[in-house]
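Following: one structure in structure tokens, then a few remarks.
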Amino acid sequence: MPTRPATRSAQTAQQAALTQADPRWAAVLARSAAADGSFWYSVVSTGVYCRPSCAARTPRPENVRFHASCADAEAAGFRPCQRCKPLQPSALAHHAGLVTQACRILEAEGATPLGTLAARVGLSSSHLHRIFKQATGLTPKAYAAAQREQRVRSALGQASDSVTDAIYEAGYQSSSRFYEKSAQVLGMTPTRYRAGGAAQRIRFAVGQCSLGAILVAHSGQGLCAILLGDDPDALVRDLQDRFAQAQLVGGDADYEALVAQVVAFVEAPGLGLALPLDVQGTAFQQRVWQALRSIPPGQTASYAEIAARIGAPAATRAVAQACGANALAVAIPCHRVVRSDGALSGYRWGVERKRALLQREADAAHTAHTAHTAQKQEKVA
């Protein structure tokens with residue numbers, strides 16, 4: 001018959017195992033501020049309960065219990081921690097309120113010096129800059145610029161305003177400064193944008209590759225769409241929806257050569273694509289897409305890793321949305337982004353195409369590594 005100490009030891013080990021198997025335990029170990037508000041944990045040995053981000057010493061897993069609310073923890077006989085103060089708003093929620101306040105100021109007043117903006121929300125400049133970027137994925141300056149770009153798009157859509165009036169009303173100090181960036185902001189000249197893109201001429205062609213139908217479109221500035229699918233007609237409709245007022249022109253024999261380059265790139269992404277891209281998106285989307293292009297062929301990154309790389313660790317969902325908005329398949333390699341557990345998640349052109357792209361890149365990387373190793377061995381021999 002087992003002794004009582006042995007029984008207690010087995011119970012302790014069992015409780016520790018239950019805690020360690022619970023996904024909330026990982027958040028406690030990481031002191032995850034993002035988990036604050038989703039659960040609370042108590043410590044049997046101290047009689048207190050905490051929020052996941054509590055900076056107190058990490059408790060032993062066998063002493064930890066999890067709770068859905070502060071009320072549940074207190075009903076179980078635990079008192080609030082005096083260090084993390086779980087009954088008060090979390091730092092994340094407090095920061096979110098201050099960032100929201102700063103956003104409203106920038107939206108109403110336009111670009112504001114960082115020091116002035118920080119003083120108005122009661123923070124230091126460096127602190128505001130850090131939490132603003134964490135919450136929005138943009139710096140306050142970039143956020144103000146994005147709002148100004150949105151205003152000029154809206155103003156250009158008003159028939160009563162001249163192009164010059166629209167530029168100044170949006171907050172630009174001079175028309176020349178805006179015209180320097182108009183192609184990046186609008187994807188075309190202001191006059192053409194005001195006409196709904198009616199004067200924009202986009203050449204396109206539909207072909208076939210190993211992944212199915214492929215549509216390649218060029219705006220004159222660069223490739224503006226590489227679309228994949230099963231139905232060529234559906235790809236053309238997608239292009240028409242994206243550029244509703246543009247003049248879509250079927251590619252000629254010379255254009256077929258460009259399409260062939262893109263198809264060759266899709267078949268072997270590791271070779272690279274020596275063609276300019278016309279990348280149109282919000283400031284945040286463009287930061288995400290630039291990060292995607294830095295992932296080498298044969299490798300992957302999680303949505304959370306991409307969010308961290310662009311300095312917005314809390315923007316995992318926004319990163320996923322930016323991946324979904326990408327219109328340049330393979331050229332902007334959103335297929336190289338996977339879930340944190342390595343599993344393949346949604347891909348606008350189909351998960352099986354994503355799997356095929358990753359497999360061919362992995363095979364190419366393995367072949368290149370094998371060849372390189374063989375060359376080194378030959379030199380040694």
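Give me a comma-separated list of calculated 3J(HN,Hα) values for the range 307-316, in order, Karplus coefficients 6.51, -1.76, 1.60 applied at θ = phi - 60°, integers in Hz, x for any Gly or Pro.
4, 5, 5, 8, x, 9, x, 8, 9, 4
Label residue 111 and residue 359 with points 7 Å out from Cα along Cα→Cβ: what is the distance between them in nm?
Roughly 5.1 nm, to one decimal.
Could you list the residues of the range 21-59 with an amide nitrogen less than 15 Å from a label point located 7 Å from the Cα of residue 87 in the Cα-to-C-beta direction?
From the range 21-59, the list is 48-51.
Can you compute the equivalent ellipsoid semi-axes for the range 1-128, i.e. the square root of 5 times each eigenvalue of the Cα gyration tensor, sorted largest first and rounded to whole Å? Provide the component values of the computation, followed by the final result.
On the way: eigenvalues 351, 34, 25 Å².
Its equivalent ellipsoid spans semi-axes of 42, 13, 11 Å.
So who's got an amide H within less than 5 Å of the one on residue 225, skipping anything under 5 residues away but keeping other chains? H placed 1.01 Å off N, in plane.
Long-range HN contacts for residue 225: 217.
Please turn the phi angles of the range 287-298 into ³J(HN,Hα) values with the Karplus equation 6.51 cos²θ - 1.76 cosθ + 1.60 (θ = phi - 60°), one per residue in order, whole Hz, x for glycine and proline.
Each residue's phi maps through the Karplus curve to give 5, 5, 5, 5, 5, 4, 5, 8, 7, x, x, x Hz.
In nm, to one decimal, how far is the modelled label at residue 294 from the one at residue 366, with both set 7 Å along Cα→Cβ?
Placing both labels 7 Å beyond Cα along the Cβ direction yields 2.9 nm.
Subtract the Cα-Cα distance of residue 283 and residue 68 from 0.36 nm times their separation in residues, and report this length gain in nm to one decimal.
Separation in residues times 0.36 nm, less the Cα-Cα distance, equals 73.6 nm.
Please give the net charge around residue 126, taking every other residue with its beta carbon less than 15 angstrom from that of residue 126, where Lys and Arg add +1 and Asp and Glu add -1.
With Lys, Arg at +1 and Asp, Glu at -1, the net is +3.
List, largest first, the extents of the alpha carbons of the range 223-358 along their principal axes, each in whole Å.
Answer, in whole Å and largest first: 45, 31, 26 Å.
Net charge near residue 354: determine it from the other residues with C-beta under 10 Å of the C-beta of residue 354, scoring Lys and Arg +1 and Asp and Glu -1. Present the calculation step by step, with values, prior to reporting the outcome.
Details: positive: 336, 348, 353, 355; negative: 352.
Net of charged neighbours comes to +3.
Can you compute 3J(HN,Hα) from phi for each residue in the range 24-30, using the Karplus curve 6.51 cos²θ - 1.76 cosθ + 1.60 with θ = phi - 60°, rounded to whole Hz and x for Gly and Pro?
Result, rounded to whole Hz: 5, 5, 4, 5, 5, 4, 7.
Express in nm, to one decimal, how much length is gained between residue 8 and residue 38 on full extension, taking 0.36 nm for each residue of separation and deducting their alpha carbon distance.
Gain on extension, residue 8 to residue 38, equals 7.7 nm.
Of the peptides 234-241, 41-48, how do they stack up when ordered by the mean number of other Cβ atoms within 10 Å, highest first? Show your work: numbers first, answer last.
On the way: 234-241: 15.6, 41-48: 18.0.
Result, highest mean first: 41-48, 234-241.
Only four residue types carry charge here, +1 at the Cβ of Lys and Arg and -1 at the Cβ of Asp and Glu. Report the dipole size of the range 1-114 about the Cα centre in Debye, rounded to the nearest 20.
Here the range 1-114 has a charge dipole of around 560 debye.
Using a cut-off of 15 Å between beta-carbons, work out the net charge of the residues near residue 45 (Lys and Arg +1, Asp and Glu -1, residue 45 not included).
Taking every other residue near residue 45 into account, the sum is +4.
Every number here is computed from the coordinates shown, using simple stated rules; none is lab data. Note that the coordinates shown come from a computational prediction; the quantities given were computed from them, not determined experimentally. Here Cβ is always computed from backbone atoms with ideal geometry, including for glycine, and neighbour counts include all displayed protein chains.
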